[in-house]
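Chemist: My questions will all concern the structure given below.
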There are 2 protein chains.
Amino acid sequence: MLKPLFVAAALALLAGPAFAADLEANKKIVVDFYEKGLNQKDYDAAAKYFGPRYIQHNPGAANGPEGFKRMVGLLKEKFPASHNEIKRVIAEGDLVVLHVHSTRQPGERGRAIVDIFKVENGKIVEHWDAIQDVPEKAANDNTMF
Amino acid sequence: MLKPLFVAAALALLAGPAFAADLEANKKIVVDFYEKGLNQKDYDAAAKYFGPRYIQHNPGAANGPEGFKRMVGLLKEKFPASHNEIKRVIAEGDLVVLHVHSTRQPGERGRAIVDIFKVENGKIVEHWDAIQDVPEKAANDNTMF
């Protein structure tokens with residue numbers, strides 16, 4: 001009765017982009033991009049991860065690296081103490097998801113963010129997100145994270 | 001030079017929860033739960049996927065299955081034509097992420113949602129999300145999806 005195990009193993013072997021080693025590499029790329037760009041606010045260090053395109057789905061940012069550059073510049077100028085704490089990282093295929101607690105000032109309630117990045121050949125090429133303010137009161141005691 | 005491939009394969013074999021077959025099963029559970037609960041608005045059909053606990057991090061919902069039940073009831077009563085369109089599904093380990101376009105009335109701009117579910121032994125035991133209104137105007141032409 002080990003058959004399903006071997007089928008699963010064969011599937012895992014065939015699923016090129018889902019290799020554990022690739023997923024870990026993709027996660028490392030996205031986490032480093034995020035840390036460098038949004039926490040260290042070092043655009044140039046983050047920008048080395050951009051691929052030949054950067055398709056932006058965040059409706060507040062212009063398409064391409066320029067939109068990200070402007071956001072990093074804004075954070076650096078207006079919210080130098082802002083911090084994005086990565087709570088969990090989830091990867092499959094060419095996608096990496098970050099669940100993040102973002103604050104503009106230390107101690108504020110901040111915002112819950114889920115970012116989705118697409119990674120191709122070790123480069124970040126696309127980004128989606130959903131951003132929600134952490135409310136003052138909640139219907140449960142579990143926090144948003 | 002096939003060594004890295006075999007290391008990756010060995011890792012994939014060892015990583016029990018990351019088996020492709022498990023991930024596909026977990027995705028199927030979460031997608032069916034979502035379709036039954038939020039689109040068909042059939043709480044009982046969705047509730048069969050609840051495990052011994054349901055830890056709710058959505059700040060608007062009470063902890064446990066009861067909070068979800070109330071939400072399904074509300075949708076059924078106030079927004080019977082509401083629809084949550086799943087745009088992408090991303091799974092790793094015991095987590096399944098859904099990227100969703102949610103509308104309460106057909107044709108409205110709606111909201112971008114990213115849901116994260118934890119699945120244990122084929123049952124849904126925890127949920128986080130971030131929800132953002134799709135704005136009327138965006139700084140890029142890529143949509144939020």
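The values are calculated or read from the model by the stated rules, or taken from the named source; none is laboratory data. Nothing here was measured: the structure is a model prediction, and the numbers come from that model. Cβ: placed from backbone, ideal geometry, glycine included. Neighbour counts: every protein chain shown. For the accessible areas, the whole protein counts, side chains as well, though only heavy atoms, and no ligand, DNA or RNA atoms are used. Shrake-Rupley method; radii C 1.70, N 1.55, O 1.52, S 1.80 Å.
Chemist: Restricting to the range B:102-120, name every residue that is facing chain A (nearest Cβ under 7 Å), more than 15 Å from B:Gly60 (Cβ to Cβ) and either in contact (Cβ under 8 Å) with a residue 24 or more places away in the chain or assigned to a loop (DSSP other than H, G, I, E, B) (or both).
Modeler: Selection gives B:Ala112 alone.
Chemist: If we keep just the residues of the range A:52-66 that are more than 7 Å from chain B (Cβ to nearest Cβ) and without any contact (Cβ under 8 Å) to a residue 40 or more places away in the chain, which is most open to solvent (accessible area, probe 1.4 Å)?
Modeler: Checking each candidate, the answer is A:Glu66.
Chemist: Among the residues of the range B:48-80, which ones are of a type in the set (A, V, I, L, M) and part of a helix (DSSP H, G or I)?
Modeler: Passing the criteria: B:Met71, B:Val72, B:Leu74, B:Leu75.
Chemist: Closer than 21 Å to A:His57 by Cβ, of a type outside the set (D, E, K, R), modelled with pLDDT of 95 or more and out of contact with any Pro (no Cβ under 9 Å at 6 or more places or on another chain): is that true of B:Ile90 in this structure?
Modeler: Against the criterion (closer than 21 Å to A:His57 by Cβ, of a type outside the set (D, E, K, R), modelled with pLDDT of 95 or more and out of contact with any Pro (no Cβ under 9 Å at 6 or more places or on another chain)), B:Ile90 qualifies.
Chemist: Report whether or not A:Lys41 is in a helix (DSSP H, G or I) and not polar (S, T, N, Q).
Modeler: no
Matching residues to (1) hydrophobic (A, V, I, L, M, F, W, C); (2) open to solvent by less than 50 Å² (accessible area, probe 1.4 Å):
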{"position": "A:Asn84", "(1), (2)": "no, yes"}
{"position": "A:Lys87", "(1), (2)": "no, no"}
{"position": "A:Ala91", "(1), (2)": "yes, yes"}
{"position": "A:Asp94", "(1), (2)": "no, no"}
{"position": "A:Leu98", "(1), (2)": "yes, yes"}
{"position": "A:Gln105", "(1), (2)": "no, no"}
{"position": "A:Arg111", "(1), (2)": "no, no"}
{"position": "A:Val114", "(1), (2)": "yes, yes"}
{"position": "A:Phe117", "(1), (2)": "yes, yes"}
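Chemist: Moving on. Taking the range A:121-145 on its own, how many of its residues are assigned to a loop (DSSP other than H, G, I, E, B), more than 9 Å from chain B (Cβ to nearest Cβ) and within 18 Å of the chain's Cα centre (by Cα)? Can you show your working first?
Modeler: Taking the range A:121-145 as the starting set, the residues that turn out to be assigned to a loop (DSSP other than H, G, I, E, B) are A:121-122, A:134-145.
When the remaining residues are screened for being more than 9 Å from chain B (Cβ to nearest Cβ), the result is A:121-122, A:136.
Still in the running and within 18 Å of the chain's Cα centre (by Cα): A:121-122.
Of the residues in the range A:121-145, 2 are assigned to a loop (DSSP other than H, G, I, E, B), more than 9 Å from chain B (Cβ to nearest Cβ) and within 18 Å of the chain's Cα centre (by Cα).
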